[in-house]
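Engineer: Let me give you the structure first, and then I'll get to my questions.
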Amino acid sequence: MSSQIDHLLTETRRFAPSASFAAQAVADRELYERAAADREGFWADQARALHWHTPFTRVLDWSNPPFAEWFGDGELNVAYNCLDRHVEAGNGERVALRWEGEPGDQRTVTYAQLTDEVKRLANVLTDLGVERGDRVAIYLPMIPEAIASMLAVARIGAVHSVVFGGFSADSLRARIDDAGAKVVITADGGWRKGKVSPLKPAVDLALADRNGSGIQESVEHVLVVKRGENDVDWSEGRDLWWHDVVPQASNAHEAEAFPAETPLFILYTSGTTGKPKGILHTSGGYLTQAAFTNRVVHDVHPETDVYWCTADIGWITGHTYVTYGPLANGATQLLYEGTPDTPHPGRWWELIEKHGVTIFYTAPTAIRSFMKIGRDVPQKFDLSSLRLLGSVGEPINPEAWVWYREIIGADETPIVDTWWQTETGAIMISALPGVTETKPGSAQVPLPGVSIAVVDDQGEPVGNGSGGLLVVTEPWPSMLRGIWGDPDRYRETYWEKFADKGYYFAGDGARLDDDGDVWLLGRVDDVMNVSGHRLSTAEIESALVGHEGVAEAAVVGASDETTGQAVVAFVIIKSRYLKQKGVEGLGDELRTWVGAQIGPIARPRDVYIVGELPKTRSGKIMRRLLRDVAEGREVGDTTTLADTAVMSVISAQVK
Ligand code: 6R9
């Protein structure tokens, strides 16, 4: 890793903002000065851009760390801020969502229409018994109803837990159970890669008879959007069609004011253990930073821009930069249901041309896969409407950055490489377009109001030109407020490592260059980043050992040209199983198995069947060595292994 970063640090290309971009940019240099002079006052100013039913008088309460309160005595309604207030300001006819389905069907939803739909759905949810603080699971494709569902749940002070539609029934069940969801909102199916991918059957499976499981079913109702037109089973009394209840419901619904710290959502993300963590976000601080960062980093001019963030709402990027940020700002955005290459490899570029997209925010893995296909595909389309490009989810290598700028951005648009996490809720490190001179491959500088440092194991700053661990040194408005139901794990995971300093430990390695700019080096824990999605090695290992043939498994993230990292599994097969069934086809069977257990994104790229795994004397698997094998490198230092011969055996078996 460090040789790779040294290579990156020799990157010397610099791109100053054009005078014309700078002249119209939302951000300016003064933001840094104001935030440096009075950090809390700066965030209070940003919060006042929202509508508060009851204005706050306190900004930050950090008297009980690591549990923060922001704007604690203020009251607001998140959905009101994203909807009604734009309608009341006379912008009801502005388009909120320009939606396109994968098969090419289209819908245009104005702020007035979206407000109306959300009010009806809020009434439906209330009639179904959903009250303030109750949890609602959302398992939907990228259709306007998905956005409406999140906002309706928020409107009544309930808490949503969006589960990515690509997750399996088992993953869905674990998330429903952990949150104790009362209602699930889903669809019959959604369009993916040219066909309907069913969703309702996974919900049925997740809620199937639990006799003997010892788990009390929390779900009372399942609300189903008709999208895929696929046949679905029906549980009378439990299941309801959206089209039977939402259009009929009253569109009169007054948004109630809730305290700023009212829980807004839980979003599960992979940690270092097998059990996903339910990251909890609350209302006022989250919405403040979501709206602010979307405005200044994405340079959103709501009257004129057509903004497109390609993330699914199943991930934090979809929460903050599809639903809450842009809608709080009253922006017009494109929402697309399908995959980038269906029905043809130029589908995204076609959408940009057709809808006149001006701001485009996507992940390095997508950019690299387009690079692989070749520039002639995007060059067939008119991309001249684009004026700003963004990147999120993993480090973007300079080659991809430069390709993105040249081929997609006409060698002209600024690129913002934005570092943040599910836990941080919103962007933390990024260039400000129109202000910062950008460097390909570096996320660069903390945003105004955000305090970060790169430190050594003792929490001491490493200084320019050195590498260490990335920490956040002061609380920020959109920070996580905890892990659902597990305050101890919250403390241990993020705050214990630098407890004496009170720093938040992000789990990422980073390096400062001579200018003090930040270069992210990837995770320092057992979390992989595959196509911008976080997966834990432990979670996949536990799925593998759940297979009848597997005795032991070790999983590593190996670097991959397209997906950033790829899942590579090393498994030891039970000898009885080997005698009876042999290894023929077993690798493929295990790949499919993991896909079914967790979801297709977790499917290993390679499965190696080995006789032994490298372990330390205390029995810890040395993943570092397996990564060397998986990446085809010479195996590193093996002196701490209990059995130093084991690596040569494994290397031979892998070949
Ligand atoms: C928003 C999101 C968080 C992890 C994070 C880091 C990696 C995200 C990055 C980046 C380098 C960037 N990451 N953005 N690494 N440069 N611009 O992706 O949230 O899914 O929770 O992942 O992703 O490793 O710790 P999440």
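Engineer: Out of the stretch 19-34, which residues are within 27 Å of the chain's Cα centre (by Cα) and assigned to a helix (DSSP H, G or I)?
Structural biologist: Leu31, Tyr32
Engineer: Looking at the stretch 521-537 only, could you name the residues that are touching a Gly at 6+ places or on another chain (Cβ under 7 Å) and not acidic (Asp, Glu)?
Structural biologist: Within the stretch 521-537, Leu521, Gly522, Arg523, Val524, Val527, Met528, Asn529, Val530, Ser531, Gly532, Ser536 qualify.
Engineer: Moving on. Any idea how many residues of the stretch 279-329 are more than 12 Å from the ligand (Cβ to nearest atom), polar (S, T, N, Q) and within 20 Å of Glu261 (Cα to Cα)?
Structural biologist: The qualifying residues number 5.
Engineer: Of the conditions (1) assigned to a strand (DSSP E or B); (2) in contact (Cβ under 8 Å) with a residue 60 or more places away in the chain, Val136 satisfies every one except a single condition; which number is it?
Structural biologist: (2)
Engineer: Can you run down the residue pairs with Cβ atoms below 6 Å, 6 or more apart or on separate chains, where the first is in the stretch 345-373 and farther than 22 Å from Leu97 by Cα and modelled with pLDDT under 90 and the partner is of a type in the set (Phe, Trp, Tyr) and in a helix (DSSP H, G or I)?
Structural biologist: Met371/Trp403
Engineer: Scan (1) at pLDDT 85 or above; (2) touching a strand residue (DSSP E or B) at 6+ places or on another chain (Cβ under 6 Å); (3) surrounded by 14 or more Cβ atoms within 10 Å (Cβ to Cβ) for the single condition Asp628 breaks and write down its number.
Structural biologist: (2)
Engineer: Within the stretch 447-484, track down each residue that is out of contact with any helix residue (DSSP H, G or I) (no Cβ under 8 Å at 6 or more places or on another chain) and of a type in the set (S, T, N, Q).
Structural biologist: Those that are out of contact with any helix residue (DSSP H, G or I) (no Cβ under 8 Å at 6 or more places or on another chain) and of a type in the set (S, T, N, Q): Gln458, Asn464, Ser466, Thr473.
Engineer: A further question follows. If we scan the stretch 572-594, do we find a residue that is surrounded by fewer than 20 Cβ atoms within 10 Å (Cβ to Cβ), aromatic (Phe, Trp, Tyr), away from the ligand (no atom under 16 Å from the Cβ) and not in a loop (DSSP other than H, G, I, E, B)?
Structural biologist: yes
Engineer: Still on this structure, please answer the following. Could you say which residue among Ser531, Ser478 is surrounded by 20 or more Cβ atoms within 10 Å (Cβ to Cβ), within 15 Å of the ligand (Cβ to nearest atom), more than 28 Å from Gly41 (Cα to Cα) and polar (S, T, N, Q)?
Structural biologist: The conditions single out Ser531.
Engineer: Which of the residues belonging to the stretch 267-310 are farther than 24 Å from Asp28 by Cα, buried (at least 24 other Cβ atoms within 10 Å of the Cβ) and either in contact with a Cys (Cβ under 8 Å, 6 or more places away or on another chain) or not small (Gly, Ala, Ser) (or both)?
Structural biologist: Leu267, Tyr268, Lys277, His281, Thr282
Engineer: As an exercise: evaluate Val450 against (1) over 14 Å from Arg14 (Cα atoms); (2) aliphatic (A, V, I, L, M); (3) surrounded by fewer than 24 Cβ atoms within 10 Å (Cβ to Cβ) and give the number of the one condition it does not meet.
Structural biologist: (3)
Engineer: Now a separate question. Quick check on Pro433: is it in contact with a helix residue (DSSP H, G or I) (Cβ under 9 Å, 6 or more places away or on another chain) and away from the ligand (no atom under 16 Å from the Cβ)?
Structural biologist: The answer is no for Pro433.
Engineer: Something else about it: For the stretch 553-568, what are the residues that are under 19 Å from Trp593 (Cα atoms) and out of contact with any Leu (no Cβ under 6 Å at 6 or more places or on another chain)?
Structural biologist: Scanning the stretch 553-568 gives Val555, Gly557, Ala566, Val567, Val568.
Engineer: Quick one: which of Gly468, Gly463 is without any contact (Cβ under 8 Å) to a residue 60 or more places away in the chain and crowded, with 17+ Cβ neighbours inside 10 Å?
Structural biologist: Just a single option satisfies the conditions, and that option is Gly468.
Engineer: Here's another thing I want to ask about it. Pairs, please: C-beta under 8 Å, at least 6 apart or cross-chain, first residue within 13 Å of Ala174 (Cβ to Cβ) and in the stretch 533-546, second part of a helix (DSSP H, G or I) and within 16 Å of the ligand (Cβ to nearest atom)?
Structural biologist: Glu539/Ala602; Ala543/Ala602
Engineer: Further question on the same structure: Of the numbered conditions (1) part of a loop (DSSP other than H, G, I, E, B); (2) at pLDDT below 95; (3) at negative phi; (4) away from the ligand (no atom under 15 Å from the Cβ), Ala538 fails exactly one; give the number of that condition.
Structural biologist: Going through (1) part of a loop (DSSP other than H, G, I, E, B); (2) at pLDDT below 95; (3) at negative phi; (4) away from the ligand (no atom under 15 Å from the Cβ) one by one, Ala538 breaks only (1).
The values are calculated or read from the model by the stated rules, or taken from the named source; none is laboratory data. Owing to the predicted nature of the structure, the values given are computational and were not obtained by experimental measurement. Cβ atoms come from the backbone with ideal geometry, glycine included; neighbour counts cover every protein chain shown.
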